[in-house]
Structures are given as structure tokens and as C-alpha cells.
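Before any comments, here is the structure.
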There are 2 protein chains.
Amino acid sequence: MNQTAIQDLYADEHAHCFGCGRNNPHGLQLKSYWEGEECVCRHTPQNYYSGGVPGFLYGGMIASLLDCHAAATAAAAMARQKGELVGRFVTAALKVDFVKPTPLGVELELRARVSEIKGRKVTVDLQLLAGATLCATANIIMVQLVPTP
Amino acid sequence: MNQTAIQDLYADEHAHCFGCGRNNPHGLQLKSYWEGEECVCRHTPQNYYSGGVPGFLYGGMIASLLDCHAAATAAAAMARQKGELVGRFVTAALKVDFVKPTPLGVELELRARVSEIKGRKVTVDLQLLAGATLCATANIIMVQLVPTP
């Protein structure tokens, strides 16, 4: 992968997120990349992020992966549209539909498409896949942080 | 607190969740209790669950706390209505609205009410508060696992 991950373009002061911040040594350090019109992130969660039943990922981590990947997708899409540096987005609203149990022990793929950019707001539609199995879908509204002067 | 936490009534084989399972030594071990018609959980996240900017909780953990507390609320409400033992619920759909940034370093309060019980499905409305500040709201649909024969 020769591309720079979107999260590695965040300003240093905005790179502390547990999910995706390169400056958070305790965190997951998720990395997202463009693949054509889709933004993609691959991640294999640790087995201790189990749901109630061992062998399956817990719902909170499913939401976490989708949320951080949506933030990166929104930031990259806005930067591309405006020809600006990648900014930082925070979540306004998150909706996840859990389609099938998400297995642990396999690499998961998150695929995201931007459905709307309106002012500082970007809407992102996502899928979480384990191999060919669609495990969850999401619709997430992200809002760009106003840069501090 | 003399009540037993709802999560401590889950069957041993369903108590491995990273968010709320007493059998997950790596996890948060959230505990939820009835307070009248509301179900309440209090938790102080570790500082490394930061969002992009230090000092605030990341969106994924906000969703995680709401999700696990909704599962407990649904399980307890169904058990109370049917006069049965507490079962185990999984998430069908989760919607979170992020109202204000959620601070780190303070105890957070999750308050939940059941708005509907229909068949095996329970709908839960939740608030996440930091002191008197409403930081997030959620609407979560939980579905009861069918017991294995």
C-alpha cells in the first residue's frame, strides 16, 4: 500500500483518538484508504473484544470501527472536494443495523461511500464485511471541526 | 447498592462481553441497576479512550456504553414483565445522537427507559449524562437470544 492513510494526515493535535489516532499508543490505530470511490479500512480485532458469546465481536466495537472509518472518509472526501488539507470530523449521528453476528479471528473490511456533502456536514454510508458476509451497515453524519484560529 | 447488577444475572456462557461481561477480565465490566422505572449505569472511562482531541471520550466508546446498558435494560425489562430469569439480548439496531462532547475524567451516568416490548424485541431510549450535561441520546432495538435447547 503506497498511499498514506487518511488518519496519518490528521493534525498532530487531532490524532489522539482511541480508535484511529496515531498518537494514541493504547488504541487501535485504524487506517483508511481510498479505493476508487470507496474508502476502505481493514482490521482484525483482538479476541478479547468478544460479545456475550465468545467468538463474536461485541456491538460496541462494531460501532467504533464504523464510526472512526466514517470520520476518515468524511475528512478525505471534503479535502478532495475543496482541494484543501485533510481536516478533522466529529460524529453528529450514528445509525448501525446489525445484520449478522460478526466473527472474531478474521480480518474485517469496512467499506464507505459518501452520500452527501452539505456545508461542514458529510453523510457516509458504510458496510462491515467478514469475507463475503455482510455483518452490519451504517449511516453516519459527521461534522467538520472549525479550525482554532 | 444492595441490588444485584443485571449483568451478574446473565448465564455464564453469555457473560463474556468486553463491555459488560463479568467473565471478560480485559473488559469494562459495566453494571446496570433499576432505579424506579429507569435503568442506570455509572462508569468512569479510562483517559486513553480519548477522541481526536484529548480530554473527551471517543464516539465508539459512547456507543459501546449505550449499547451494553441497553442490552441489560432490555433483559431486565423482559424478565420483569414475564416473571422469568434474565435472558440475553443482542443488538438489532442502534442510533446515537451526539449532543455535546463527552468529557473524560468524570463519572458518566447512563439512564435508560423501555419504550416498547413486542415479541422478543425490546426498544430502549437512553441518555448519557456528565453531571447535569446531556452529552448523547440513543434509541436501541434489542432482540432476545433464543435459548439453546
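A short reminder: the numbers here are calculations on the coordinates, not readings from a lab. Fair warning: this is a prediction, and the values are worked out from it, not measured in the lab. As a convention, Cβ positions derive from the backbone with ideal geometry for all residues, glycine included, and neighbour counts pool all protein chains shown.
So here's what we get for this one:
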{"item": "For chain B: relative contact order, % (alpha-carbon pairs under 8 angstrom, 6 or more apart)", "result": "22 percent"}
{"item": "Relative contact order (%) - region B:62-144, alpha-carbon pairs under 8 angstrom, separation at least six", "result": "35 percent"}
{"item": "Gaussian network model of chain B, Cα within-10 Å springs - most flexible of B:His16, B:His26, B:His43", "result": "B:His26"}
{"item": "Dipole magnitude of chain A about its Cα centre (Cβ charges: Lys, Arg +1; Asp, Glu -1), debye to nearest 20", "result": "220 debye"}
{"item": "Whole-number percent relative contact order across region A:3-70, with pairs defined as alpha carbons under 8 Å at least 6 apart", "result": "22 percent"}
{"item": "Inter-copy separations for A:Val40, label at 7 Å along Cα-Cβ, nm, ascending", "result": "4.9"}
{"item": "Evaluated over the protein assembly as shown, the Cα radius of gyration and Dmax, each in Å", "result": "18.5, 63"}
{"item": "At most 12 other Cβ within 10 Å, DSSP loop - GluC sites (Glu not before Pro), region A:31-85", "result": "A:Glu37, A:Glu84"}
{"item": "Normalised convex hull volume, region B:26-114, alpha-carbon set, Å³ per residue", "result": "113 Å³"}
{"item": "Crossing angle, helix A:59-82 versus chain A [Cα axis fit, 0-90 degrees, rounded to tens]", "result": "30 degrees"}
{"item": "Dipole of the protein assembly as shown [Lys/Arg +1, Asp/Glu -1 at C-beta], most positive-end residue of B:Ala75, A:Pro103, B:Gly19", "result": "B:Ala75"}
{"item": "Estimated FRET transfer efficiency (B:Thr137, A:Gln3; beta-carbon r; R0 41 Å; 0.05)", "result": "0.65"}
{"item": "Label point 7 Å beyond Cα along the C-beta direction, distances from B:Leu129 to other copies (nm, shortest first)", "result": "4.4"}
{"item": "Spin-label model distance (nm) - A:Val40 vs A:Glu109, 7 Å beyond Cα toward Cβ", "result": "0.6 nm"}
{"item": "Percent of C-alpha pairs per 5 Å bin, chain B, short to long", "result": "2, 10, 20, 23, 21, 14, 7, 3, 1, 0"}
{"item": "FRET efficiency estimate (nearest 0.05) - Cβ-Cβ, A:Val146 to B:Glu116, R0 41 angstrom", "result": "0.60"}
{"item": "Anchor A:Lys100: lysines whose Cα lies under 30 Å away (excluding residues fewer than 8 positions away in-chain)", "result": "A:Lys31, A:Lys121, B:Lys31, B:Lys82, B:Lys95, B:Lys118, B:Lys121"}
{"item": "Between region B:85-112 and region A:1-68, the Cα center-to-center distance that results, in Å", "result": "20 Å"}
